[in-house]
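The structure under discussion appears below in the form of structure tokens.
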Amino acid sequence: ETINSILSTGEVPGLFAKDEMMAMTSDLRLDFLRERPGKEETPDNLKQFFTDCVRDNLHIILCMSPMNPKFPIRARKFPGLVSSPTIDWFLAWPEEALVSVCHGFIKDFPIDCSEEVKTSLTTHM
């Protein structure tokens with residue numbers, strides 16, 4: 001639920017007590033004035049600036065298998081898991097594709113060996 005909230009809104013409700021949030025946002029006052037000139041320095045604007053800074057600098061890596069039977073259940077229960085992040089699907093590559101990519105990188109690379117050794121290196125990698 002917490003990760004879903006972070007992915008969807010960028011914040012976790014109730015994570016900080018009001019006095020903690022006031023202390024953190026007061027430390028950001030000078031940055032707020034520099035980066036958002038013309039904006040009024042209110043507690044709500046400072047809190048939004050804090051949230052924006054965290055959202056811009058926070059990176060989360062989640063590793064989940066779509067083959068897991070719980071994956072569709074979690075996706076329905078926590079829509080932020082599939083609608084907010086950038087998803088990289090990693091599936092097994094066919095051997096021919098792997099050899100082709102390796103050949104593309106190594107074909108022009110200067111290696112002091114015969115073409116036969118270079119070909120076997122491409123197949124091995």
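Shown is the FRET efficiency for residue 121 and residue 86, computed with R0 = 22 Å from the Cβ-Cβ distance and rounded to the nearest 0.05: 0.10. Its Cα centre serving as origin, the chain has a Cβ charge dipole (Lys and Arg +1, Asp and Glu -1) of approximately 560 debye.
Using 0.36 nm per residue and subtracting the Cα-Cα separation, the extra length available between residue 97 and residue 39 on full extension is 15.5 nm.
A prolate overall shape is assigned to the range 1-69, the ratio a/c of its alpha-carbon gyration tensor axes (a ≥ b ≥ c) being 1.5 or greater and a/b exceeding b/c.
Distance between the C-alpha centres of the range 61-77 and the range 87-104: 24 Å, rounded to the whole angstrom. Phi angles of the range 33-41 translate, via the Karplus equation with coefficients 6.51, -1.76, 1.60 and θ = phi - 60°, into HN-Hα couplings of 5, 6, 8, 10, x, x, 7, 6, 7 Hz per residue; Gly and Pro are given as x. Labels on offer are (1) 64; (2) 39; (3) 34, and the one holding percent of Cα pairs over 21 Å apart computed from this structure is (1). The alpha-carbon atoms of the range 53-95 define a convex hull whose volume equals 98 cubic angstrom per residue. Comparing 71, 50, 90 in a Gaussian network model of the chain (Cα springs below 10 Å), the most mobile by mean-square fluctuation is 90. Lysine pairs in the chain with alpha-carbon atoms under 30 Å apart, 8 or more places apart or on different chains: how many are there? So the count of such lysine pairs works out to 6. Exactly which GluC sites (Glu not before Pro) in the range 1-57 are in a DSSP loop and have at most 12 other Cβ atoms within 10 Å? Passing both the DSSP loop test and the Cβ count: 1, 40, 41. Figure note: 26, 5 ranked by solvent-accessible area, largest first, 1.4 Å probe, ligands and nucleic acids not counted: 26, 5. 3J(HN,Hα) along the range 100-117: 5, 5, 4, 4, x, 7, 8, 4, 9, 7, x, 10, 7, 7, 6, 5, 5, 5 Hz, from the Karplus curve 6.51 cos²θ - 1.76 cosθ + 1.60 with θ = phi - 60°, whole Hz, x for Gly and Pro. Only one residue of 22, 37, 68 has its Cα farthest out toward the positive end of the dipole of the range 1-108, where Lys and Arg carry +1 and Asp and Glu -1 on Cβ, and that residue is 68.
The values are calculated or read from the model by the stated rules, or taken from the named source; none is laboratory data. Predicted model, so just to flag it, every value in this text is computed and none were measured. Quick reminder, even Gly has a Cβ in these numbers, built from the backbone with ideal geometry, and neighbours come from all protein chains shown. Quick note on the areas: whole protein, heavy atoms, side chains included, nothing else; ligands and nucleic acids left out. Shrake-Rupley method; radii C 1.70, N 1.55, O 1.52, S 1.80 Å.
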